[in-house]
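Here's the structure we're looking at; comments come further down.
Nothing in this text is a laboratory measurement; each read-out follows from the coordinates by a stated rule. This is a predicted model, so every value here is computed, not measured. All Cβ positions, even for glycine, are placed from backbone atoms using ideal geometry, and neighbour counts span all protein chains on display.
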Amino acid sequence: MRFYATLSPGLEEIAAREIESFGGKIVEIRKGKGRVFFEGDLKLMAKLNYMARTLERIMILLAVEKFATLDDIYRIVKSLDFGWIKPDQSFAVRPLRAGEHDFTSLDVGRVAGQAIIDSYMESKGVRLKVNLDEPDVIIRVDVIFDEVYVGIDTTGDESLHRRGYRIYDHPAPLNPTIASSLIMLSNWNPERSLLDPMCGSGTILIEAAMMGRNIPPQKFRREKFLFTNIYGEELLEEVKKEAVKNEKRYLRMTLVGIERFRKHIRGGIVNAKTAEVYDTVHFIQADATELCLKEIDIAITNPPYGLRIAKKGLIENLYDGFLRSAKDVVADKIVIITAEDKILRDKALRNDYKIDREIWVKYGGLDTKVFVLKP
Ligand SMILES: C[S@@+](CC[C@H](N)C(=O)[O-])C[C@H]1O[C@@H](n2cnc3c(N)ncnc32)[C@H](O)[C@@H]1O
């Protein structure tokens, strides 16, 4: 079967490696577009939904074709087989559009929806119900420049970045799929100590702890995976059973979070408890510019960007202070994601770090850079 996954643009290579680690065969990586195409079976699809840490959503690919007009989109969608939808099930088209077109994404949704209704009426003699709020089946129709992608959304409206452990909402939390990608990028493993010096509600450390213990990222999901409406619950139950067997419940790790504000630490503790990893994440209320710690192997962090929380001058002092202080503490590497790339680059070089990698990542509409620094 052919699938594609969506994720934060810029992190495709890391996501592709993760898909491969579950047995998927990569067909194409759309660099900078947040899409990875791959092949595999239904079990792989279920596994990725439940266990992949870097993906947002997984679709079964029904068609990818060039098009010119809305009529072409209607024709492409109508030619597909929707006979697998049960007659009493409702559906919704979730359209997306990128590029210059003389129609809107609402037009795409309307035309594709009509094509599905007409196709089903012809093959089954039944008019399928549309339910835009809580559909049983979601068809994604993405119009990207001159191509249209049609896919069955196996995940659902609730993207995989929504981990059910996040009870406390930090005002500027890091997307957990990006947090996991940064951890993978750093080559961290449970034997290496990890520090997040500006940890907020602890997302990076909680993701690392769950990774180390093989706790599935969707273990605490409250919403349904939509593939269960098509293929039943058995597939998911099978994957869950395997996951339970693989959990390493009492693995000790050194995961340290430093945060200036007590409120966020309290929130981080609540989230870590919900994720069942509180016993392994150590939160400290302190200042990232005055680290008083023994040697740590790797630091990964998502500092304030100045756009939302503070002003540029404060950010300059914070980045400078942290990098100076980290020189005596972090032994192997520092991974930082920031939208203030000029400031970070400048402060890294001034403090004699080597910039090992710089990766552009689109994060919630913002252009950010991930830096890998070597002391
Ligand atoms: C963007 S947030 C991190 C969010 C976090 N990754 C999460 O998912 O919850 C940056 C955090 O850095 C903290 N911070 C700012 N200056 C700091 C300092 N000097 N020392 C420690 N923490 C600091 C802020 O309070 C804020 O919680």
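Some observations on this one:
- Here LYS86 is the anchor, and the lysines within straight C-alpha reach of less than 16 Å, apart from those fewer than 8 places off in the same chain, are LYS124, LYS129.
- Förster-model FRET efficiency, 30 Å R0, ILE144 and ASP328, C-beta, rounded to 0.05: 0.05
- Rel. contact order, % - alpha carbon contacts under 8 angstrom, at least six apart, region 2-153: 25
- Candidate cross-link partners of LYS273 among the lysines, defined by an alpha-carbon separation under 27 Å and a same-chain spacing of 8 or more, comprise LYS47, LYS219, LYS224, LYS240, LYS241, LYS245, LYS248, LYS263, LYS294.
- Computed from label points 7 Å out along Cα-Cβ, the spacing between MET121 and ASP41 is 3.9 nm.
- Extension reserve of the ARG260-ILE26 stretch, reckoned as 0.36 nm per residue once the Cα distance is removed: 80.0 nm
- Extension gain, LYS66 to ILE284, is 73.1 nm, computed as 0.36 nm per intervening residue step minus the present C-alpha separation.
- Residue-wise HN-Hα coupling along region 212-225, computed from phi with Karplus coefficients 6.51, -1.76, 1.60 (Hz; x: Gly, Pro): x, 8, 6, 7, x, x, 9, 4, 9, 5, 9, 8, 6, 7
- With contacts taken as Cα pairs under 8 Å and at least 6 residues apart, region 77-149 reaches a relative contact order of 48 percent.
- Pairs of alpha carbons in the chain whose separation is greater than 34 Å (percent): 33
- For the chain: relative contact order, % (alpha-carbon pairs under 8 angstrom, 6 or more apart): 15
- Burial ranking of peptide ranges 190-199, 36-45, 313-322 (average Cβ count within 10 Å, highest at the top): 190-199, 36-45, 313-322
- Cβ-placed point charges (K, R +1; D, E -1), dipole of the chain about Cα centre in debye, nearest 20: 960
- Among THR203, GLY32, SER21 - extreme Cα towards positive end, dipole of the chain, charges at beta-carbon: THR203
- Restricting the chymotrypsin sites (Phe, Trp or Tyr not before Pro) of region 225-261 to loop positions (DSSP other than H, G, I, E, B) with no more than 16 neighbouring Cβ atoms within 10 Å leaves TYR250, PHE261.
- Region 1-153: C-alpha gyration tensor shape, a/c 1.5 cut-off, then a/b vs b/c: oblate
- When DSSP beta bridges are restricted to pairs lying wholly in the chain, around 60% turn out antiparallel.
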